[in-house]
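Comments concern the structure below.
The values are calculated or read from the model by the stated rules, or taken from the named source; none is laboratory data. Model, not experiment: these values are computed from the prediction. Using ideal geometry, Cβ is built from the backbone for each residue, glycine included, and neighbour counts are taken over all protein chains shown. Ligands, DNA and RNA are excluded from the accessible area calculation, which covers all protein heavy atoms including side chains. Shrake-Rupley method; radii C 1.70, N 1.55, O 1.52, S 1.80 Å.
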Amino acid sequence: MDIADRVVLVTGASSGIGEATARLAHERGARVAMVARRAERLDRLVQDLPGSFALTMDVTGESAPAEIVRRTVERFGRVDVLVNNAGRGLNLPVADSGLEQVRSIVELNVVAALRMMQAVVPDMRSRGEGVVVNVSSGTTLMALPGTGVYAATKAALEQFSAVARVELAPDGIVVSTLLPSLTRTEFAGSVEAGESRSYDDLPDDLPFAVQTAEHVAEQILATVASGETGVVLGRDGAQA
Ligand code: NDP
C-alpha cells in the first residue's frame, strides 16, 4: 500500500522505532495517529508533525484498543495501516523470570498487540483493505540467554500474525510481521529487570550490525508497501 494520504496508526510512537516510523510516514504524506504513555514526548511530536494526532494511553488498558481506534476514526475517518510496535523487553534467565514480570510482558507484547489488531479489523474489513505490521524481534530466531520470555512473547505475536494473515486475506487485510535485529533506541534502558544492555558497551565483533531506528522505520514502510512478511533485518542493516 502506498501510504501517501493514508491514515497510519503507530503504537509506541514516543521513542525509538515507533517515533522514527511516525516521522517517516508523515514525511511521505501519511496522516499519522500516535499512541504511547509519555505525554510530553507525544506533544513535541505533534508539534513537529503538523496535522498529526496523538493519544496518551497505555495500550494494555482493557478499553484502550477500542478507544484508540474509535478516536482515530473520529479524527481521520479510518485506519489504513496499523504499526503494532509498542513493546518492552525482559532480561532474565527463563528459570528466574517472576510471575508478575512474565504476566506484564505478556500483557503488553502479546495481549495488547493482539487486541490492537482485533480493534482495527472491523474498520478495515468494512472498506475491504488495510495493512497491519506487527513488530517482532530477531531474538525469536536464536537461543540468546536472558531473552527467553521476551522472545517467547514475540514468537506468540508471530504465530497469531501468520494465522491472521491467512484468515484476513479474503477481507483485503494484509498482516505482516517484521523482525528487527538489535536497534539503537531507548529499548535497552526500558528492559525490565536483570542488567540492561548498553549499546555503547557492545562488542565490536557482533555477528550483525546495530541498526538505527530510522533504518527499521524504512523497513516497516517497505513492508507496508510490499505486503511481504517475515522480513528479517540482518547484518547489512544501516550502522548506527
Ligand atoms: P523504545 O523503548 O524506544 O520504544 C518502545 C515504545 O513503546 C515507546 O514509545 C513506549 O512509550 C511504548 N510503550 C511501552 N509500553 C507501552 C504501553 N503500555 N502503552 C503504550 N505504549 C507503550 O524501544 P524500541 O523502539 O526499540 O522498541 C519498539 C519495538 O521494537 C518493541 O516492540 C521491541 O520489542 C521491538 N524491537 C526492538 C529491538 C531493539 O533492539 N531496540 C529489536 C527488535 C525488536 P511510553 O513509554 O511513552 O509508553
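Within the stretch 85-97, no residue satisfies the criterion of being within 15 Å of the ligand (Cβ to nearest atom) and of a type in the set (Ser, Thr, Tyr).
Out of all the residues in the stretch 184-206, is one or more modelled with pLDDT of 90 or more, of a type in the set (A, V, I, L, M, F, W, C) and touching a helix residue (DSSP H, G or I) at 6+ places or on another chain (Cβ under 7 Å)? No; the residues of the stretch 184-206 include none that is modelled with pLDDT of 90 or more, of a type in the set (A, V, I, L, M, F, W, C) and touching a helix residue (DSSP H, G or I) at 6+ places or on another chain (Cβ under 7 Å). If you take the residues of the stretch 159-179 that are outside any helix (DSSP H, G or I), open to solvent by less than 40 Å² (accessible area, probe 1.4 Å) and aliphatic (A, V, I, L, M), which of them is farthest from the ligand (Cβ to nearest atom)? Checked the stretch 159-179; the qualifying residue farthest from the ligand (Cβ to nearest atom) is 173. Residue count for the stretch 85-95 under the criterion of being outside any strand (DSSP E or B) and buried (at least 18 other Cβ atoms within 10 Å of the Cβ): the result is 6.
Here is a check on your reading of the model: is residue 115 under 17 Å from residue 152 (Cβ atoms) and basic (Lys, Arg)? Considered against the rule, which asks whether it is under 17 Å from residue 152 (Cβ atoms) and basic (Lys, Arg), residue 115 comes out as no. Residues in the stretch 129-143 that are free of Cβ contacts under 8 Å to residues at least 40 places away in the same chain and within 19 Å of residue 177 (Cβ to Cβ): 139, 140, 142. What number goes with the only condition from (1) more than 17 Å from the chain's Cα centre (by Cα); (2) part of a helix (DSSP H, G or I); (3) away from the ligand (no atom under 16 Å from the Cβ) that residue 118 does not pass? In the conditions (1) more than 17 Å from the chain's Cα centre (by Cα); (2) part of a helix (DSSP H, G or I); (3) away from the ligand (no atom under 16 Å from the Cβ), residue 118 misses (1) alone. If you filter the stretch 96-153 down to residues that are of a type in the set (D, E, K, R) and out of contact with any helix residue (DSSP H, G or I) (no Cβ under 7 Å at 6 or more places or on another chain), you find that the one that is surrounded by the fewest Cβ atoms within 10 Å (Cβ to Cβ) is 100.
Among the candidates 82, 144, the residue that is in a strand (DSSP E or B) and more than 8 Å from the ligand (Cβ to nearest atom) is uniquely 82.
Residue under question is residue 96, and the condition is that it be charged (D, E, K, R) and free of Cβ contacts under 8 Å to residues at least 40 places away in the same chain; does it hold? When the stated conditions are applied, residue 96 passes them.
Taken over the stretch 6-37, residues that are among the basic types (Lys, Arg) and closer than 19 Å to residue 184 by Cβ amount to 1.
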